[in-house]
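For reference, the structure discussed in these notes is given below.
The values are calculated or read from the model by the stated rules, or taken from the named source; none is laboratory data. What you see is a predicted model; the values in this text were computed from it and never measured. Reconstructed Cβ throughout: ideal geometry from the backbone, glycine too, with neighbour counts over all protein chains shown. The protein model used for the area step is the full one, side chains on, heavy atoms only, and it has no ligands, DNA or RNA in it. Shrake-Rupley method; radii C 1.70, N 1.55, O 1.52, S 1.80 Å.
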Amino acid sequence: MSQLKILCLSNGHGEDAIALRILQSLQQHPAAPEVAALPIVGVGHVYRQHNIPLMGPARQMPSGGFIYMDRRQLARDVRRGLLTLTWEQLQVTRQWAKKGGVILAVGDIVPLLFAWLSGAPYAFVGTAKSEYYLQDEAGRLPRSSWFESLEGCFGSVYLPWERWMMKHRRCRGVFPRDRITTQVLQQWDIPAFDLGNPMMDGLDATSTLPIASGESDRTLTITLLPGSRIPEAYENWQKITEMVQVLTTRLWQRSLLFLGAIAPSLDLDELQKTLIAQGWQLQSHPAPYRLYTQRKARLILTQSGFADCLHAGDLAIAMAGTATEQFIGLGKPALTLAGKGPQFTPAFAEAQTRLLGPSAILLKEPQQALTVIDQLLNDPDRLQLISENGKRRMGTPGAAQRIAQGIVQCFQASPKR
């Protein structure tokens, strides 16, 4: 049997990270497939950092891939050469197919469409859509208007043309993000497999945060997740710290510790300006952490302790996509606020609460945080429900390895074109 050659298509920073975990698992597979990546959005930093070969052109566009959330940015992308870039990337996939390679699409309809147009056999890891947007285990979710209720009129969160591409004879396997979505797709004889969500992989804590042993017993620890997109993350940080200020004015029976899990792409000095303006004082700190104090509260910023911040937090204040889902997947609640976008808009925030259910609590204003946190801390049954809900919706670690095994089996067992 000739060596399997897999070209991975992904369309965004979060999708790149998920795809990377699967590709790394494929590299460790006994079949030793040849892997390469083509980032449709962005330049594929995570692939470059981990020595995954890149195929074809890649370019950072003004929208960052969020043209479906802010249509006005589509024109900017077109002026920057989006149409030419898309054509060139499509030619790369077709050349890969002509050489006998297969395609792994990770993300939404864009890489799935590229995979179908390539002419090669393909597999699809669906990271963007979930039936939880429309329903949960108890049934259909109520929507605020008749127009919104139309989302479910096609029988699935995946539209008929998406399902057609997933059912196509060249589609060897589909790997949805959760069980409920898998079960719905299987109703249309789509080769869908429930193997978990790679978002929960690689989140092992290292316990390197400068926190005293046993401190969590007397401290309420809150993880802060502003997102990674510039300049949106800086505006998100402003709103998050407004909520932090509301909390620090309250005399808690336990001290407060805030953990800012900051993406490497952000400038800590910009975040620090906001903190200093709000009365926080920078203290001496061991690198790579910055420690600030105000009243009885402490705040730590770090760009290297993401998983530690997730595990240490009792709850989160979040205005992020993937990071919020990962925190909730650990069985913890997250308080969210809508931002200006282009990603974390009111519509995105509302949709995220449907995706994550009772684990994501959308606030209309920062002042609500006091009441909500009081209610959470005094309701152990609700916290238990949140814990079970998050783990059920996000799945258990090890999905990347399971999906890699499934991908190899799907392509090896499939008939020749």
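Residue separation of Thr208 and Thr274 scaled by 0.36 nm, minus their Cα-Cα distance, works out to 21.2 nm of gained length. With the simple model of a label 7 Å out from the Cα in the direction of the Cβ, Lys99 to Gln412 spans 2.3 nm. Taking all protein chains into account, the per residue accessible area for the chain stands at 45 Å² (1.4 Å probe).
Towards the positive end of the charge dipole of region 101-216, with charges on Cβ (+1 Lys, Arg; -1 Asp, Glu), say which of Gly101, Gln135, Thr206 has the farthest Cα. Of the options given, the answer is Gly101. In whole percents, the pair-distance distribution calculated for the chain from its alpha-carbon pairs, binned every 10 Å from zero, is 4, 21, 31, 25, 14, 4, 0. If you plug the beta carbon distance of Gln238 and Arg382 into 1/(1 + (r/R0)^6) with R0 = 30 Å, you get a FRET efficiency near 0.50.
Dividing the Cα radius of gyration of region 99-201 by its Kirkwood radius returns 0.99 for Rg/Rh.
If R₀ is 22 angstrom, what is the calculated FRET efficiency for the pair Ala32 and Trp164, using the beta carbon separation as r and rounding to 0.05? FRET efficiency, Ala32 to Trp164: 0.10.
For the pair Arg250 and Leu150, label points projected 7 Å from Cα toward Cβ lie 4.1 nm apart. Of Thr248, Thr219, Thr371, which is the most mobile in a GNM of the chain whose springs link Cα atoms less than 10 angstrom apart? Highest fluctuation among the options: Thr371. Ranking Lys129, Lys239, Lys340 by solvent-accessible area of protein heavy atoms (1.4 Å probe, all protein chains present), from largest to smallest, gives Lys340, Lys239, Lys129. Relative to the dominant Cα principal axis of the chain, helix 399-413 is inclined by about 0°.
Once you order the gyration tensor axes a ≥ b ≥ c over the Cα atoms, which shape class does region 135-276 get: rounded for a/c under 1.5, otherwise prolate or oblate by comparing a/b with b/c? In terms of gyration-tensor shape, prolate.
Accessible area of the chain with a 1.4 Å probe: how many percent of it is carbon plus sulfur? Roughly 54 percent, rounded to a whole number. Ignoring aspartates and glutamates fewer than eight residues from Lys99 along the same chain, the ones with Cα atoms less than 18 angstrom from its Cα are Glu34, Glu88.
Over 18 Å apart at the Cα level, from the set Lys296/Lys364; Lys5/Lys98; Lys340/Lys391; Lys239/Lys273; Lys332/Lys391, are Lys296/Lys364; Lys340/Lys391.
Rounded to the nearest 500, the helix-only mean residue ellipticity at 222 nm of the chain stands at -12000 deg cm²/dmol, with each DSSP H run of n ≥ 4 adding -39,500 (n - 2.57). If you run the Gaussian network model on the chain, springs between alpha carbon atoms under 10 Å, then out of Gly357, Gly173, Gly139 the most flexible one is Gly139. I'd like the orientation of helix 13-27 relative to the chain: the angle between its Cα long axis and the longest Cα principal axis, in ° from 0 to 90, rounded to 10. Around 60 degrees separate the two axes.
For region 11-31, there are no residues whose amide N sits under 14 Å from a probe point set 7 Å from the Cα of Ser2 along the beta carbon direction.
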